[in-house]
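Reviewing the structure listed below.
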Amino acid sequence: MNRVNNRIINQAILIVLFALFISACKDPVEGCLDIEASNYNVAADNPCPDCCTYPRINLEVFHSFQDSFRFSYDSLYIFEGNVGRFEEVVFYLSEFKLFGSSDTLEVNEVMSFDIINGGAESFKDDFTLVSRSILSFDYDIGEIRGSGQYDSLSFVVGLLGNAEFINVETVPEDHALALSVDSTIWTYPEGYVFNRVIIIPDTMEVDSKRQFDLKGPSNIQRITLPFPQSLDLGSSVTIPLKIDYKKWFSGINFVAEDSVTITEKIVTNTTNAFSIDN
């Protein structure tokens, strides 16, 4: 009986030693070992240097007029009985956040910029310039880390705080705030105009173009929309955002009303112009 037991024990020892030998001979697998990364590799043994990629917030914009019709610069539109076409509508979005019952998810990338009046300041780097003239309607908002259940989306139409006074001469060329980006609106020392609307009413006047530049805290609007999402670790999220320019410029007489009145109406209408494109 002891012989049988000894044989079994010896066989078990040999199996364990063989397994250890095989394991020792196996080449280690290098990969991303951060569970928050999009390319997390559960089979990896060694962490790879700077190889992890992380999920992001992306934006898909649908420019519409009266819900279903695509908004474009070469079309005529009717506002308060007057016909006109738009030459430019460009604006900044920032401060993107997803809200859940117990958590808030936002871009974790931070960048430091010089300020016009001196000094430097760090900002959450989710600035996004939206323009109908840009051929691509897909925007990369920034990197995120986290997971959970979320029920709403919040963002700002405009630039908060000193972001309006970032010195554009020190901004990287490929950044949304850079002068090289289509339609960037910046002058020294006023800083950024974060929303510009140029419309050409169809009148008999030779020069009927009207331009409206929005800047400053009083013209900033925060948008909050229902946006239920369930995100796993390492998962990116895409926001399908619809902008209805009919609602944005509703009730505005671009021919008869003065610039102050029109600007106030544009600001008031902003919250109704944005929705999730379901």
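Approximating the spin labels as points 7 Å out from Cα along Cα→Cβ, the TYR73-to-SER259 distance works out to 2.1 nm. The range 134-179 and the range 46-116 have their alpha-carbon centroids 8 Å apart.
Peptides 100-110, 143-153 ranked from most to least packed give 143-153, 100-110, packing being the mean of other C-beta atoms within 10 angstrom over each peptide's residues. Using a cutoff of 8 angstrom between alpha carbon atoms and counting only pairs six or more residues apart, the relative contact order for the chain works out to 22 percent. Highest mobility in the GNM of the chain, judged by mean-square fluctuation with C-alpha springs under 10 Å and restricted to VAL237, VAL61, VAL89, is found for VAL237.
Each peptide in 251-257, 51-57 receives the mean, over its residues, of other Cβ atoms within 10 Å, and ordering these scores from highest gives 51-57, 251-257. Across all C-alpha atoms in the chain, the radius of gyration and Dmax reach 27.3, 113 Å. For the chain, the number of Lys pairs separated by eight or more positions or lying on different chains, with C-alpha atoms closer than 15 Å, is 4. Each label point was placed 7 Å from the Cα along the Cα-to-Cβ direction; for ASN58 and ALA44 their separation is 2.2 nm.
Over all pairs of different C-alpha atoms, the range 69-181 has a mean inverse distance whose reciprocal, the Kirkwood radius, equals 16.5 Å.
Computed from point charges on the beta carbon alone (+1 for Lys and Arg, -1 for Asp and Glu), the dipole magnitude for the chain about its Cα centre is near 1080 Debye.
Between amide H atoms placed 1.01 Å from N, distances below 5 Å from GLY100 occur with LEU105, ASP151, all of them 5 or more places distant or on a separate chain. Calculation over all alpha carbon pairs of the range 175-274 in 10 angstrom steps from 0 returns a P(r) of 12, 34, 33, 16, 5, 1 percent. Ordering of 40-46, 123-129 by packing is 123-129, 40-46, highest average first (other Cβ atoms within 10 Å, averaged per residue).
Suppose only helical runs count, i.e. DSSP H with n ≥ 4. What mean residue ellipticity at 222 nm does that imply for the chain under -39500 (n - 2.57) per run, divided by all residues and rounded to the nearest 500 deg cm²/dmol?
On the way: 3 runs with 43 residues, N = 278.
So the helix-based figure for the chain works out to -5000 deg cm²/dmol.
Values in this text are rule-based calculations from the coordinates and carry no lab data. What you see is a predicted model; the values in this text were computed from it and never measured. All Cβ positions, even for glycine, are placed from backbone atoms using ideal geometry, and neighbour counts span all protein chains on display.
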